[in-house]
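Here is the structure we will look at, set down as structure tokens.
The values are calculated or read from the model by the stated rules, or taken from the named source; none is laboratory data. What you see is a predicted model; the values in this text were computed from it and never measured. Note that each Cβ is placed from the backbone with ideal geometry, even for glycine, and that neighbours are counted across all protein chains shown.
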Amino acid sequence: MTVRAAESSDEALAALAATGDEAAFETLVLRYQHRVFRLACRLASETDAPDIMQDAFVQVYRHISAFRGGARFSTWLYRIVTNAGLMHRRARARRPAESLDELLPRFDADGRLEDTPDALRAASRVDELLDRQVLAKKAQAAIEGLPDLYREAFVLRDLEELSTADVAQVLGVEPATVRQRVHRARLMVREYLGALAGDRP
């Protein structure tokens with residue numbers, strides 16, 4: 001790897017890779033492989049992550065010439081990885097045993113949250129009611145149980161810490177849609193953890 005390649009921006013490397021520069025592409029892979037693997041784990045599972053990562057980088061290699069620089073390379077790459085993760089999950093027909101759809105908070109006709117304050121307070125202190133190690137495993141299970149629509153937004157925004165604008169670009173939706181999906185995902189995860197702590201019958 002040359003000093004030039006190592007110090008180049010992602011976008012400059014992508015432009016070089018589009019001309020057939022293998023060293024530039026390899027630099028991008030080395031620069032992003034850990035983040036791509038982590039995202040793949042969060043979108044699917046650690047078992048499936050290597051396949052998702054491979055599929056994603058193959059897609060990047062094949063379509064690098066389509067990257068025009070209108071967005072950051074990382075945003076473009078995350079879109080490819082997210083799509084690869086979703087396609088992999090669908091191909092495997094992997095669905096959680098317990099869906100979190102029923103735990104989505106309910107709102108009345110005026111848009112007010114129907115859950116009682118006591119239930120919300122109990123859910124918010126779930127980390128005090130469960131052992132932290134168990135909680136971490138249950139939190140992962142809750143994330144895995146989120147419907148794809150919410151899981152992608154939640155993983156990208158809260159776990160990968162992308163900005164709302166970047167998540168919107170990755171998913172091809174409006175920022176307001178991202179905020180809504182992330183908010184609902186947070187509520188579903190919180191309700192799920194609250195139920196584990198015995199706050200629901």
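Filter the stretch 42-63 down to the residues that are in contact with a Phe, Trp or Tyr (Cβ under 7 Å, 6 or more places away or on another chain) and aliphatic (A, V, I, L, M), then identify the one that is farthest from Ser9 (Cα to Cα).
To start, the set of residues in the stretch 42-63 that are in contact with a Phe, Trp or Tyr (Cβ under 7 Å, 6 or more places away or on another chain) comprises 49, 53, 61.
Then drop every residue that is not aliphatic (A, V, I, L, M), which leaves 49, 53.
Numbers: Ala49: 26, Met53: 22 Å.
Looking at residues that are in contact with a Phe, Trp or Tyr (Cβ under 7 Å, 6 or more places away or on another chain) and aliphatic (A, V, I, L, M), I get Ala49.
Before we move on, is Arg190 modelled with pLDDT of 90 or more and surrounded by 14 or more Cβ atoms within 10 Å (Cβ to Cβ)?
No.
Taking only pairs six or more apart or across chains, which ones have beta-carbon atoms under 7 Å, a first residue in the stretch 47-62 that is of a type in the set (Phe, Trp, Tyr), and a second residue that is assigned to a helix (DSSP H, G or I) and surrounded by fewer than 20 Cβ atoms within 10 Å (Cβ to Cβ)?
Listed pairs, sorted by first residue: Phe57/Val29.
Would you please name the residue that is modelled with the lowest pLDDT, looking only at residues in the stretch 158-187 that are out of contact with any Lys or Arg (no Cβ under 9 Å at 6 or more places or on another chain), surrounded by fewer than 17 Cβ atoms within 10 Å (Cβ to Cβ) and outside any helix (DSSP H, G or I)?
Glu161
What pairs come out if I take residues in the stretch 188-201 that are of a type in the set (Ser, Thr, Tyr) and pair them with residues that are surrounded by 20 or more Cβ atoms within 10 Å (Cβ to Cβ) and at pLDDT 60 or above whose C-beta lies under 6 Å away, six or more apart or interchain?
These pairs meet every condition: Tyr192/Ala142.
Give the stretch 28-70 a look and list any residue that's buried (at least 17 other Cβ atoms within 10 Å of the Cβ) and not in a helix (DSSP H, G or I), or say none.
Matches in the stretch 28-70: Ala44, Ser45, Asp48, Phe67.
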